[in-house]
Amino acid sequence: MTITGSFDSALAGSKWPGADFVRQRALKLLDGVVALWIFAGGIVLIEPSPYEVMFLLVLPVAIMAGIGLYRSTFGLLAIMLCFTPFALIAAMQVRFTPISEALIFTAVTIFLMLTSYFVANYLAESTEKRMRVIMRAYTVIAVILAIIGTLAYLRIMPGADLFLRYDRAKATFKDPNVYAPFLVLPAMFALQRVLLGRGWQAFIAAGVYFVLFVGVFVSFSRGGWGHFAASSLITLVLVFMLEAGARDKVRILLMTLIGAGMLIVALGGLLSVPAVANFFEMRASSQNYDTGETGRFGRQGYALELALDHPWGIGPGEFRNLRIIEEPHNVYITVIHVYGWGGGLLYYLMIIVTLWKGSVMLLRPSPYRLMAIPVMATFTMVVAESAIIDSDHWRHFFLLIGLIWGLSTAIANEQRLSAPRERMLI
């Protein structure tokens, strides 16, 4: 796709002295501040979080650097612009929640949509280099958090309670059910390097995957467990079918058997600890908050009826002040409550178009398809998991959307059908 507009052209056309110098300096600085911003995405104890604050630094640097705006990403911007008035109207419908809190919640959602649009355009240029910047920063913070979560769960670090909730690891997140899915994307990139990499790179990747696997396990999030397992299977199948040669396929089959055996042994070792085994058995069984009229699935039915009765929405935080005190924990119902019918439909549209773009880029041979496989394996499972959890404020969810739109643009503009694998394995 051609560029419809660019901050670069505006800056280059300016007459003030030093414009070119500022642009060059900003370009050198941009990747560094983006890395810090992605790293901050793992610290979500408050809202607005450091992730939002860091983006306020990223955006002006990107403008000064002359980041391009691509026609193929405009749909994402259009969804955000159309979504905003519906979301603001819905925020005004609150009766129990202070309007200031409702507006902050809505502003964060709009802000996160803007980050998706930024990532899409940022990644459309210098795709290989910038994907590496994003995923290295993401992997570093994910590994740190997995180690913190595991050590906290084992009670072998000071201040462990700060990183636990109900004796489940959450690290620097508010909830174990958000912490666990956050670890999945870098784990999928690590798994792909294990399957297709060579030598010490594959060995390090295996270590990263194992650390993140343990980090997800000690969250005791059933959704996180399923997300990790299903995304791993999708990554394995897509790599095997789309990117592996005949020799690679034999190697992948052998490594899959060995790796599965090692994970079973590791899981068995964890479950040999009585406290872990008891907690695992409790979490794996049906929970009382899932069943009954006021359970997770019962209240989702009531929430859907309520949503259909309020086309303008009821606003953020209102549902728990009504007949049932817990949220429905289904983002596809929640968005109709929080953003109204119009905002909810636009939210659905964002997800549907992103899935379509991701599916198309998987079917098209490209040097960037190796990058697309772990992203799509993770995103599809976030979409599925959102039926049992509220994911509309997950920072990494909007990052995934931006990555898919950016990779889709890069693939559409790429003439090559392939490139050396060593360069494209992130």
The correct count of residues that are free of Cβ contacts under 8 Å to residues at least 60 places away in the same chain and open to solvent by 10 Å² or more (accessible area, probe 1.4 Å) in region 385-412 is 1
Within region 154-165, considering residues that are part of a helix (DSSP H, G or I) and out of contact with any Gly (no Cβ under 9 Å at 6 or more places or on another chain), the one surrounded by the fewest Cβ atoms within 10 Å (Cβ to Cβ) = Asp161
Could we say that Met92 is crowded, with 17+ Cβ neighbours inside 10 Å and touching a residue at least 60 places away in the same chain (Cβ under 8 Å) here?
-> no
Return a yes/no flag: does region 76-84 have any residue that is more than 27 Å from Val44 (Cβ to Cβ) and either free of Cβ contacts under 8 Å to residues at least 24 places away in the same chain or polar (S, T, N, Q) (or both).
-> yes
Exclusive hit being free of Cβ contacts under 8 Å to residues at least 12 places away in the same chain and of a type in the set (A, V, I, L, M), set Ile46, Ile67 = Ile46
Test set (1) of a type outside the set (Ser, Thr, Tyr); (2) assigned to a helix (DSSP H, G or I); (3) open to solvent by less than 10 Å² (accessible area, probe 1.4 Å); (4) more than 20 Å from Met424 (Cα to Cα) - Ile333 fails condition number = (3)
Taking region 102-141 as the region of interest, how many residues are in a helix (DSSP H, G or I) and open to solvent by 40 Å² or more (accessible area, probe 1.4 Å)?
-> 11
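Does Trp405 satisfy the criteria of being among the hydrophobic types (A, V, I, L, M, F, W, C) and at pLDDT 95 or above?
Values: among the hydrophobic types (A, V, I, L, M, F, W, C): yes; at pLDDT 95 or above: yes.
Yes: the conditions hold for Trp405.
Mind listing whichever residues of region 117-126 are more than 13 Å from Tyr70 (Cα to Cα) and touching a Gly at 6+ places or on another chain (Cβ under 7 Å)?
none
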Residue list for region 249-269, restricted to those being open to solvent by 60 Å² or more (accessible area, probe 1.4 Å) and more than 14 Å from Gln192 (Cα to Cα) | Val250, Leu254, Leu257, Ile258, Met262, Ile264, Val265
Residue, farthest from Ala180 (Cα to Cα), within region 210-248, restricted to residues that are charged (D, E, K, R) and surrounded by fewer than 18 Cβ atoms within 10 Å (Cβ to Cβ) | Arg247
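Taking helices (runs of 4 or more DSSP H) that do not extend beyond region 15-101, which have at least 3 residues that are farther than 30 Å from Trp356 by Cβ and modelled with pLDDT of 90 or more?
Here the list reads 19-40, 50-65.
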Residue check for Ala180: surrounded by 23 or more Cβ atoms within 10 Å (Cβ to Cβ), part of a helix (DSSP H, G or I) and in contact with a Gly (Cβ under 8 Å, 6 or more places away or on another chain) | yes
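The values are calculated or read from the model by the stated rules, or taken from the named source; none is laboratory data. From a predicted model like this one, the values you see are computed outputs, not experimental measurements. Virtual Cβ from ideal backbone geometry, glycine too; neighbours counted across all protein chains shown. Note: accessible area is taken over every heavy atom of the protein model, side chains too, but ligands, DNA and RNA are not part of it. Shrake-Rupley method; radii C 1.70, N 1.55, O 1.52, S 1.80 Å.
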